[in-house]
Every structure is written in structure tokens, then in C-alpha cells.
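Here the structure is laid out as C-alpha cells; the discussion comes afterwards.
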Amino acid sequence: MAAPNIETIVSLSKRRGFVFPASDIYGGLGSSWDYGPLGVELANNIKNSWWRWVVYERDDIEGLDSAIIQNRLVWKYSGHEATFSDPLVDCRDCNARLRLDKLDVDPEDSKAMCSNCGSKNLTDPKDFNLMFRTTVGAASSDDDESALAYLRPETAQGIFTNFKNVLDTSRRKLPFGIAQIGKAFRNEVTPGNFIFRTREFEQMEIEYFCRPEDAPRVHQEWLDGFDNWIESLGISASNLKHYEQTKEELAHYSERTVDILYRFFPEREDESKQWDELMGIANRTDYDLRVHSKKPEDAEGKRINPDSTEDLSYFDPQTNERFYPYIIEPSTGVNRTLLAVMMDAYEERTNDKGEVRVILKLKPELAPIKVAVLPLAKNKPEIVEMARKIKKDLQPSMRAVYDDTGGIGKLYARQDEIGTPFCVTVDHESLEDNAVTVRDRDTWSQERITVDSLKSYLADRLNK
Ligand code: ATP
């Protein structure tokens, strides 16, 4: 089972402290969200899982953290200033501002229809650049072109401009990759669906550099690799599928892009509309390293980039060749991954009293809290003291919380709902036998474990 719709996750998130609407006390700001105490833990755990998998568990990837604000020329030569735009239309009937490429088309006359009111009375499309503009420096005024800068719309370009720095300092040889996690900003025309599409979001990107002839194979390997990684987060394969972008849909730099889609909209009757992009894996060819290099020339012998001071080609000492590597780019959104993970982990179960309980079956690796220590009687100081001590002893090796703010049934239900894999209950008997009850979130089964062996017992089960 998974969540029946995104709304279910929106209310769970707000109720329990995963995600809150940003600037809520001032009426909010369209599609801005803040990650609360549990949301920040879940997002960090997803990022750590990705980083461990790509940087630590492989031998061919280096990490990087490049700046959000770069020289404007980066975005000129990457093509973003000229082409990073969406076709914008206005509905003349209801005044909605819409992205033309996301609208349904009337099959009878092939005209796009307003997603708000269904009208076909739309304005001609205008290109709307998605980059957020800002100005840099104290002396600048808002319209000072020389001070114009952008918030990065993708983390990738900071990797390309550092290709030579990383290559030289790490003494890598092809094939190798650079990984980066960071914020990106896009002034989306139609943000929405909770954290699915926002104007500020976080990406986890790998730029993997290889020989041109190896690119198709490497592309496929990353696709298979990411299928496995996403499933390792607990997402069911039946809620995932691939989408091969058509020639018309491909970005200007891409030779092939395959999107991995997740069933974000299971409530939609039309099955084909239930899916949307979780991540994309593109073969960016040698486009990026060429456009940022000082050497390449156009047909008339003019440098295509007269501003760059560096050549980003690669010299292969074995073949004595110099060339621009091809790049395979797996690009994943932290926020969309978090949403998919929460949706897929969501389960409802009826207990023996006939009450419906929510269980978030998060993989232990991702769970914001690994164990909750609960005193059965909070008015008995010895029990409280023992529970607090157990929590303190567990804390350095796993995220543990102590909670005595309700009856035991309520405390279990709360931990189930936020995905805590284990609850440890300290009762009257614990004072006699130095043992506690460990309750499993998924099976609700309970086991008596001695306090001395508790840490290794939990560590074993959490690492399974
Ligand atoms: P879409 O078609 O949904 O606009 P895209 O193809 O433009 O996405 P990419 O440029 O491939 O997206 O970005 C890579 C990943 O970054 C996406 O797969 C997604 O997970 C994430 N992402 C992109 N835009 C947003 C956004 N506005 N909000 C949240 N995540 C985003």
C-alpha cells in the first residue's frame, strides 16, 4: 500500500512536523515550504544515503560544493540565458498564467486548453526565463546590468567549471564523476503539488565524464544503478517506470534523456496521468565542456567562447589523444525523492479495537528517529529515570527520543506515524529484571530484551 494521494502526506507532514508552509504566519508564499524537525532528518538521511552510495561506495567519484551565485558568463555560455525558459500563455477567460507544454490538448482541433477553466481562448506563447535574477555588490541598483547575477537553476554548471580543478587535484583518469548536492532555484510558472514543484529546491547531481564511445553504455549503467538505489529507499518497483524523452523534448545539450517516473498521482483515473518525473538521466554529450572552453571555434573560425580562460579538454596519455569528454548526468531532486519515499512508506492498518492507524514504513536508514524510549508509568520516578538513562546511552550511536506525553497506546501510534522502527518500553518489571520491551513498528510484535544487550540488538536490527 502507498498513500492514496499527495494530500494525505501534506496533512501528515503538517500534523507531525515534517514540512510546514513557509512564512505561514504572514499568509505563506506560493509553493515555499519549510522542513520541520522530522523533515530535516528525513531529507538529511536521503542525502546521506545518496552521498554514501555514489561517493563512498564507488572508487570513481569525487564530491564538490560549488557556489550558488556564479559569474553571469557561466549562464551565458551554458545556454541558460538564451534558452532556459518555459512557454507561457495567459487564459483570456480566467486570467490564469500557464505553461503551454503542460496543458491538455483538445483532440478535435489540437488546441491547448486552460487547466483551470477549460477555455481554449489563450494568448500566444511567450518565452519566460526561469532564472531568478539578483544583483551583486553594494553599489548596484536593481537595473544595473553589470551587477546582474542569477541564482543557479541547476547545480551542474558549477561542476563543469571545476572539471579541470578536480581533475588536476585528484589526478583522476577517465571515466570518473563529480557529485554535488545543493539548492537550485527556478522561477516556475506553475509550481504546485506540495513539494513536487517549488521555486527553491535541492538537487543531487552526478556529472560522470567518459570517452564519447562509452557514453551509451555508461548511460544505461547509471539508469540501472539508480533503479536499484531508488528501490533501496523502500520505493516499490510497481510505482516506478522509465520515460524515454522524444527528440522534440530533449534539452539542447542532450542526445538521450531517460526520466525515472514515480506514481505521484495514484488517485487519477487515467493511469497514464498518474506518473511524473522523479529524476532524469541525460547524455549531455561533450556540449558542456566545449562551450565553457576557450579553444573551440565555429565554422567561420571564431572562438565560440571568447571569455573563458581555460580549455576543458582531456588528454588521454594512453592513446595520446586530446578530446572533450562526454557527460552522463543523473540528476535527482531531494524534495521529490522525499515525497516519493513518504508516499510509498505510507500504510493504514486497523488495530484490534477497530481504530485505523497510520504507519510510515520507512527503511530504518531513512527514519528520522530510530528508537523512542517510553516509560510505562511517568509518575514513578525510578521508571522515568531508567528510561531517560537508556535514551541517553543509545543517543550517541542512534537518534533516540524520550517521550512521556501520553498513554502508551498513543505514544506507539505517534511513533508509528512518523516511521520510528522501534519503541522501547520501561515498565515496573524492568526495575526488577533489568530488561525492557522492544516493539516492532511493522509487525507490532514485542520482545523482552535485557538492557545490557539493547544497544547491539537495536543496531543489528536497524542495519538489516
Ligand atoms: P520538470 O520537467 O518536472 O520541470 P525538469 O526535467 O526540468 O523537471 P531537471 O532539469 O531534469 O528537471 O532537474 C532534475 C531534477 O530536479 C528533477 O528530476 C526533479 O527531481 C528536480 N526538480 C527540477 N525542478 C524542480 C522543481 N521546480 N521543484 C522540485 N524539484 C525539481
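The numbers here are math on the coordinates, done by the rules we state, and not lab data. Because the structure is a prediction, the values reported are computed rather than measured. No Cβ is skipped: glycine too gets one built from the backbone with ideal geometry, and neighbour counts run over all protein chains shown.
Computed values, structure above
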{"item": "For the chain: span of alpha carbons on each principal axis (Å, largest first)", "result": "89, 63, 49"}
{"item": "Cα-projected label distance for GLU447 with LEU73, points at 7 Å along beta-carbon direction, nm", "result": "6.2"}
{"item": "In Hz, Karplus ³J(HN,Hα) per residue of the range 442-455 (6.51, -1.76, 1.60; θ = phi - 60°; x = Gly, Pro)", "result": "7, 10, 6, 7, 10, 9, 8, 10, 6, 4, 4, 9, 4, 4"}
{"item": "Dipole in debye (nearest 20) - the chain, about Cα centre, beta carbon charges: Lys, Arg +1; Asp, Glu -1", "result": "1180"}
{"item": "Relative contact order [Cα under 8 Å, 6+ residues apart], the chain, whole percent", "result": "13"}
{"item": "Sparse-neighbour loop sites [GluC sites (Glu not before Pro); the range 210-252; at most 15 other C-beta within 10 Å; DSSP]", "result": "GLU248, GLU249"}
{"item": "Exceeding the 28 Å Cα-Cα cut-off - candidates LYS47/LYS455; LYS14/LYS353; LYS173/LYS363; LYS164/LYS363; LYS247/LYS361", "result": "LYS173/LYS363; LYS164/LYS363; LYS247/LYS361"}
{"item": "Expected 222 nm ellipticity per residue - DSSP helices of 4 or more, -39500 (n - 2.57), all of the chain, to 500", "result": "-8000 deg cm²/dmol"}
{"item": "Residue-by-residue Karplus 3J(HN,Hα) for the range 32-40, coefficients 6.51, -1.76, 1.60, Hz, glycine and proline x", "result": "10, 10, 10, 9, x, x, 8, x, 5"}
{"item": "Charged-residue dipole, Cβ positions (Lys, Arg, Asp, Glu), the range 265-312 about Cα centre, Debye nearest 20", "result": "380"}
{"item": "Low-density loop positions, chymotrypsin sites (Phe, Trp or Tyr not before Pro), the range 163-261 - DSSP coil, at most 10 other Cβ in 10 Å", "result": "none"}
{"item": "15 Å Cα-Cα reach of LYS183 towards aspartates and glutamates, excluding residues that sit fewer than 8 places from it in its own chain", "result": "ASP34, ASP65, GLU154, GLU200, GLU202, GLU205"}
{"item": "Degrees separating the helix 408-418 axis from the principal Cα axis of the chain, which is the longest one", "result": "10"}
